[in-house]
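The values are calculated or read from the model by the stated rules, or taken from the named source; none is laboratory data. None of the values given here were measured: they were computed from a predicted structure. Glycine also receives a Cβ, built like all others from the backbone with ideal geometry; neighbour counts cover every protein chain displayed. Heads up: the accessible areas ignore ligands, DNA and RNA and are worked out on the full protein's heavy atoms, side chains in. Shrake-Rupley method; radii C 1.70, N 1.55, O 1.52, S 1.80 Å.
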Amino acid sequence: MSNKFFLEKTDSNPEILFDFENNIFSFKGNSLPENVFLVYTPAFDFFFKELQNYASEKNILIDIQIDFLNSSSVKMLMDFCKKCLDYNNLNTSQIICEWSLTSKEDEDMEDIILSISEASGYTIKKISKKI
Amino acid sequence: MAIPLKDIVSFHQSMQSEDLVLVYEGEFNQEVTKSVLAMTERNFDSEGLDSGVKKKAYNIMVEVLQNICKHQFVDSEIQKNAIFLVGENEEDVFITSGNLIKNHAIAALTEKINLINSKDKEGLKELFKQLRLNSTISDVGGAGLGFVDMARKSENKIEFQFDEINADVSYFILLCRITKTTN
């Protein structure tokens, strides 16, 4: 069975890549699906199931490059972060989420990242990229 | 029945006098949402709207359009579609929607919006956080956070009213304003 999950980017959902073989994990694009459950549940189920088979001492770095999220997507990512926190509390290897701020007006996005961190208890690392 | 050609001019004048940029009436789905967003965004770009205001407007439009998609229903007797309008004048960008609602849902919705409108900026932030922690994703894929997000982004009170159509159904009208001078 493949240990890679890939969802192609569309107008509504980001590209999602969870590649355990090559240790590449990312979300790239905007997230405004009408039904967030349909987009994210298969991805997150795969990720946490595959984590159980992931015998590595290496940390897992998740690269997030999302410029826009609807409110339901924020909720889904918050739940994802809570699960990452649970994993980190029980394991030596750690899941690290790095969120790249790529647009020019990132005040809203910084606020969203902060509120996800506060609500989930999991710290997301912010990376500023020059345009 | 098509609009008589002679009425097109007055219809256009009405749109201008009411500062309307876009009006869509009909069935709403994700494809319509994407098209409406793209058209409005192009319109804002061509008018040189401030990028911060544009981003807030875009965010609110997404929430309003997806609310309609998730909660719209058709009543064959009433035959009244949902409507979505975007307008812009010197002071504000305003986003308005109208859609049918079951009367039994009005009390809970009124309570929810009144609670949101009673909060200041910090209060809304806290409410958003609490709702995120306690909400679950519904069958239609929503988290019930849309109205709070609209209020946070607009930085104005949500205006709303219900026009009763019959004993079972009303028409729910929602208006969000984004003040252009707000930073």
What's the total number of residues in the range B:70-95 that are at pLDDT 90 or above and buried (at least 17 other Cβ atoms within 10 Å of the Cβ)?
11
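Check B:Lys80, B:Lys70 and return the single one that is away from every other protein chain (no Cβ under 14 Å) and of a type in the set (Lys, Arg). Give the derivation first.
Details: B:Lys70 fails: away from every other protein chain (no Cβ under 14 Å).
On inspection, the qualifying residue turns out to be B:Lys80.
A quick yes/no check of all residues on (1) at positive phi; (2) free of Cβ contacts under 8 Å to residues at least 24 places away in the same chain:
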position: B:Ser76; (1), (2): no, yes
position: B:Ala82; (1), (2): no, no
position: B:Asp92; (1), (2): no, no
position: B:Ile116; (1), (2): no, no
position: B:Lys121; (1), (2): no, no
position: B:Glu155; (1), (2): yes, no
position: B:Ile158; (1), (2): no, no
position: B:Asn166; (1), (2): no, no
What number of residues within the range A:12-61 are open to solvent by 70 Å² or more (accessible area, probe 1.4 Å) and part of a helix (DSSP H, G or I)?
4
State the number of residues belonging to the range A:87-120 that are surrounded by fewer than 13 Cβ atoms within 10 Å (Cβ to Cβ) and at pLDDT 85 or above.
3
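Quick one: in the range B:42-54, which of the residues that are open to solvent by 40 Å² or more (accessible area, probe 1.4 Å) and over 13 Å from B:Ile95 (Cα atoms) is nearest to the other protein chains (Cβ to nearest Cβ)? Break it down stepwise before answering.
Of the range B:42-54, the ones open to solvent by 40 Å² or more (accessible area, probe 1.4 Å) are B:42-43, B:45-48, B:50-51, B:54.
With the extra rule that they be over 13 Å from B:Ile95 (Cα atoms), the set shrinks to B:42-43, B:45-48, B:50-51.
Details: B:Arg42: 15, B:Asn43: 18, B:Asp45: 14, B:Ser46: 19, B:Glu47: 18, B:Gly48: 15, B:Asp50: 9, B:Ser51: 6 Å.
Checking each candidate, the answer is B:Ser51.
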Scan B:Asp75, B:Asp50 and give me the residue that is closer than 23 Å to A:Asp108 by Cβ and not aromatic (Phe, Trp, Tyr).
B:Asp50
Given (1) touching a Ser or Thr at 6+ places or on another chain (Cβ under 7 Å); (2) open to solvent by 40 Å² or more (accessible area, probe 1.4 Å); (3) polar (S, T, N, Q), where does B:Gln66 come up short, assuming only one miss?
(2)
